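Everything on this sheet refers to the single structure shown next.
The values are calculated or read from the model by the stated rules, or taken from the named source; none is laboratory data. Being a predicted model, the structure only gives us computed values, none of them experimental. Glycine gets a Cβ as well: all are built from the backbone with ideal geometry, and neighbour counts include every protein chain shown. Quick note on the areas: whole protein, heavy atoms, side chains included, nothing else; ligands and nucleic acids left out. Shrake-Rupley method; radii C 1.70, N 1.55, O 1.52, S 1.80 Å.
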Amino acid sequence: MAQAPHKPSPKKLHIKTFGCQMNAYDSERMAEALQPAGYSLTDDAEDADLVILNTCHIREKAAEKVYSELGRVRLAKARRHHEGRDTLVAVAGCVAQAEGREIIARAPVVDIVVGPQSYHRLADLVAEAARGGKDLVETEFPAKDKFAHLPERPKGKVQASAFVTVQEGCDKFCTFCVVPYTRGAEFSRAPSEIVAEVERLALRGAHEITLLGQNVNAYHGMDEDGLNWSLAKLLRRLAEIPEIDRLRYTTSHPRDMDDGLIALFAEEAKLMPYLHLPFQAGSDRILAAMNRKHTIAEYEELIGKVRQARPDIALSTDIIVGFPGETDADFEETLALAARTRFAQAFSFKYSARPGTPAAKLDNQVPEAAKRERLAALQSLLDQARHAFDRATIGRRLDVLFEGKGRKPGQVAGRSPYLQAVHVEGPQELIGEIAEVDILAAGPNSLTGVIKSEFAWREPVQAAV
Ligand code: SAM
Ligand code: SF4
């Protein structure tokens with residue numbers, strides 16, 4: 001008699017994700033890669049046979065959080081051990097890449113250290129650790145595409161809004177940034193691989209896709225004929241997928257924002273009117289010291305072109321205050337640029353010296369108190385601009401993609417085309433669907449509105465695959 005295929009015993013996996021959307025995407029892919037070994041996700045770390053911390057190294061605070069979390073994991077592991085249950089602990093992501101074996105020296109509770117380019121090795125590493133393997137550290141930059149070696153994404157319904165990493169790594173070497181060291185050289189996935197992944201997500205219920213990359217607009221994936229596709233070409237192709245209603249991409253670098261990509265804001269209705277375009281600092285002197293390789297005039301020219309293509313666009317940015325050598329006058333230029341540009345959203349940070357980066361070695365570091373003061377002044381200005389943008393949508397009718405329950409019972413919450421959070425009273429059946437909403441009010445962090453009364457939403461897509 002033929003033997004039944006071996007079915008792995010069910011096990012629980014808890015993943016805690018720190019940092020950027022690319023880490024969120026990687027966490028999903030890691031969970032999928034471990035499914036064949038019997039792992040299913042749990043929100044409760046104490047319930048987990050395997051805990052993965054997917055870490056971020058971009059600023060010191062982010063990296064330190066990992067060690068305090070490992071302290072909590074150590075206690076949970078000890079409690080489980082007392083009950084006769086084992087727990088494996090893995091550190092993934094950019095801290096894993098940057099610190100490697102040192103993590104195990106500092107936190108012996110860790111069994112596995114795996115860098116972002118090695119997730120296709122995760123299932124093997126976990127199996128080895130379960131057999132008693134110790135000190136498992138995998139931080140090579142293999143010369144192969146990790147995505148092509150991860151298992152195909154499994155069946156079942158997905159969120160209405162999904163992320164897809166299309167490009168990884170960075171060759172730009174901004175002097176403050178660890179990404180080129182932790183994520184390696186720039187690499188673009190093949191267009192066919194991305195299209196197939198988005199088609200599968202579409203069949204499983206995704207209506208919105210956000211393409212991710214550290215420098216997503218430098219995308220140049222090669223097709224089967226040896227032709228390089230630009231991001232604009234990739235977006236046009238993805239817009240042909242009928243179930244996909246919305247496309248976004250992030251993060252863009254001003255240097256790679258070409259005219260074809262800008263024109264798409266006017267030409268492709270599925271491309272949402274939202275652009276995240278970091279400027280980092282408002283003074284040319286600081287930009288040069290950061291090695292950003294563009295000037296403020298060039299940045300503003302780009303903004304002008306984007307606004308010409310799509311006058312209602314929501315602009316977003318990243319800004320660093322207190323880069324080494326930044327004077328009060330330099331900072332005033334940052335404030336002035338932020339005021340002129342009127343961002344709908346912005347992320348601002350105090351400069352954090354990162355080991356191994358050129359800026360960390362500069363001796364004109366800005367004192368912490370000055371950084372704190374500058375950040376507070378900048379954030380107050382950015383908040384005003386964000387509120388002004390939000391208030392300007394009051395009275396408008398916007399398409400909202402509903403993604404989950406709202407804050408209060410009976411509410412559902414979603415995102416406007418401008419990526420604003422929107423809350424309405426409405427049936428749970430709306431989750432996963434797009435509906436027109438009349439915007440009534442703008443709160444500190446979200447809009448509220450009512451669903452257009454004669455609204456009729458599409459039949460939900462079957463989770464057919
Ligand atoms: N590739 C994107 C670009 O070029 O704008 C940015 C990617 S980085 C993961 C996200 C943001 O973190 C950066 O835009 C920058 O504002 C911030 N950041 C990076 N390194 C930093 C540092 N050492 N200190 C403070 N903020 C930093
Ligand atoms: Fe870091 Fe972005 Fe500069 Fe690359 S372009 S080094 S990811 S800030």
key: Options L41, L53: the member that is under 24 Å from V164 (Cα atoms) and either of a type in the set (G, A, S) or surrounded by fewer than 21 Cβ atoms within 10 Å (Cβ to Cβ) (or both)   = L41
task = Would you check if R236 is of a type in the set (K, R), crowded, with 20+ Cβ neighbours inside 10 Å and either under 27 Å from A370 (Cβ atoms) or away from ligand 2 (no atom under 14 Å from the Cβ) (or both)?
result = no
request  = Kindly indicate whether A288 is more than 25 Å from the chain's Cα centre (by Cα), surrounded by fewer than 19 Cβ atoms within 10 Å (Cβ to Cβ), within 16 Å of ligand 2 (Cβ to nearest atom) and modelled with pLDDT of 95 or more.
outcome  = yes
ask   = Which members of the stretch 174-192 meet the condition of being in a helix (DSSP H, G or I), modelled with pLDDT of 95 or more and surrounded by fewer than 19 Cβ atoms within 10 Å (Cβ to Cβ)?
value = S192
inquiry  = I need the full set of residues from the stretch 83-135 which are touching a residue at least 40 places away in the same chain (Cβ under 8 Å), open to solvent by less than 70 Å² (accessible area, probe 1.4 Å) and either of a type in the set (G, A, S) or outside any helix (DSSP H, G or I) (or both), in order please.
reply    = L88, A90, A92, G93, A96, A98, A107, V110, G115, A123, A127, A129
ask   = Within the set of pairs 6+ apart or on separate chains, which have a first residue in the stretch 343-360 that is farther than 14 Å from V321 by Cβ and open to solvent by less than 40 Å² (accessible area, probe 1.4 Å), a second that is part of a strand (DSSP E or B) and more than 15 Å from ligand 2 (Cβ to nearest atom), and C-beta atoms under 7 Å apart?
value = F343/L315; A344/A314; A344/L315
query = Does any residue in the stretch 436-450 that is open to solvent by 70 Å² or more (accessible area, probe 1.4 Å) come within less than 8 Å, Cβ to Cβ, of a residue that is among the small types (G, A, S) and part of a strand (DSSP E or B) six or more places away or on a different chain, and which pairs are these?
reply = L440/G449; N445/A421
inquiry  = I need every pair where a residue in the stretch 251-266 that is among the acidic types (D, E) has its Cβ under 6 Å from the Cβ of a residue that is in a helix (DSSP H, G or I), sequence separation at least 6 or different chains.
reply    = D256/N217; D256/A218
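Restricting to the stretch 239-261, name every residue that is in a helix (DSSP H, G or I) and either crowded, with 18+ Cβ neighbours inside 10 Å or within 22 Å of the chain's Cα centre (by Cα) (or both).
Listed by number, the residues that qualify are A239, P254, R255, D256, L261.
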Candidate set: the stretch 31-90, residues that are of a type in the set (D, E) and within 17 Å of I112 (Cα to Cα); chosen: the one farthest from the chain's Cα centre (by Cα) = D86
ask   = Has the stretch 194-204 got at least one residue that is part of a loop (DSSP other than H, G, I, E, B), in contact (Cβ under 8 Å) with a residue 12 or more places away in the chain and away from ligand 1 (no atom under 11 Å from the Cβ)?
value = yes
ask   = Between a first residue in the stretch 156-173 that is open to solvent by 40 Å² or more (accessible area, probe 1.4 Å) and a second residue that is assigned to a loop (DSSP other than H, G, I, E, B) and within 11 Å of ligand 1 (Cβ to nearest atom), which pairs have beta carbons less than 8 Å apart while being 6 or more apart in sequence or on different chains?
value = D171/E186; K172/N215; K172/H253; K172/N291; K172/K293; F173/N291
